[in-house]
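Enquirer: Take this structure, written in C-alpha cells, and hold onto it; I'll ask about it next.
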C-alpha cells in the first residue's frame, strides 16, 4: 500500500533527504516514507526528526521501488507527503 500511496499523491510528494528534512522542520509534512535498504546514515536523520516531530513514518523495503512510485528514474531513500 505504501508505494501506491506515494504514486496516488504525486502532486504532494517531496523527494530526497535534504528536501524532506527542510519540509519537516517547516511543518509542511503529514507523512514520511523511508527505504530500509538506503544508507542508514542518511535515513537515520529523517527517522529521528520524524519521531521528534511526531510525524507518521513508514519503512518500505526498496529505494528502487520508492523511486519508481515517485515516477523518477533514480532510487529514492526518503519521500515526504505534504499536508493538503
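The values are calculated or read from the model by the stated rules, or taken from the named source; none is laboratory data. Predicted model only: the values in this text are computed from it and were never measured. All Cβ positions, glycine included, derive from the backbone under ideal geometry; neighbour counts span all protein chains shown.
Enquirer: Within the range 48-61, count every residue that is surrounded by 14 or more Cβ atoms within 10 Å (Cβ to Cβ) and out of contact with any strand residue (DSSP E or B) (no Cβ under 6 Å at 6 or more places or on another chain). So that I can check it myself, show each step before the final result.
Expert: Going residue by residue through the range 48-61, those that are surrounded by 14 or more Cβ atoms within 10 Å (Cβ to Cβ) are 49-50, 55, 57-58, 60.
If we keep only those that are out of contact with any strand residue (DSSP E or B) (no Cβ under 6 Å at 6 or more places or on another chain) as well, we get 49.
Counting residues in the range 48-61 that are surrounded by 14 or more Cβ atoms within 10 Å (Cβ to Cβ) and out of contact with any strand residue (DSSP E or B) (no Cβ under 6 Å at 6 or more places or on another chain) gives 1.
Enquirer: With respect to residue 14, determine if the residue is surrounded by 20 or more Cβ atoms within 10 Å (Cβ to Cβ), at pLDDT 95 or above and within 10 Å of residue 81 (Cβ to Cβ). Give the derivation first.
Expert: On the way: surrounded by 20 or more Cβ atoms within 10 Å (Cβ to Cβ): yes; at pLDDT 95 or above: yes; within 10 Å of residue 81 (Cβ to Cβ): yes.
Yes; evaluated as a whole, the condition is true for this residue.
Enquirer: Can I ask one more? Only residues that are out of contact with any helix residue (DSSP H, G or I) (no Cβ under 9 Å at 6 or more places or on another chain) and touching a residue at least 60 places away in the same chain (Cβ under 8 Å): list them for the range 11-65, please.
Expert: 12, 16, 19
Enquirer: How many of the residues making up the range 17-46 are in contact with a strand residue (DSSP E or B) (Cβ under 6 Å, 6 or more places away or on another chain) and surrounded by fewer than 16 Cβ atoms within 10 Å (Cβ to Cβ)?
Expert: Filtering the range 17-46 for residues in contact with a strand residue (DSSP E or B) (Cβ under 6 Å, 6 or more places away or on another chain) gives 17, 20, 23, 28-36, 43, 46.
Within this subset, residues satisfying the condition of being surrounded by fewer than 16 Cβ atoms within 10 Å (Cβ to Cβ) are 28, 30, 36.
Counting residues in the range 17-46 that are in contact with a strand residue (DSSP E or B) (Cβ under 6 Å, 6 or more places away or on another chain) and surrounded by fewer than 16 Cβ atoms within 10 Å (Cβ to Cβ) gives 3.
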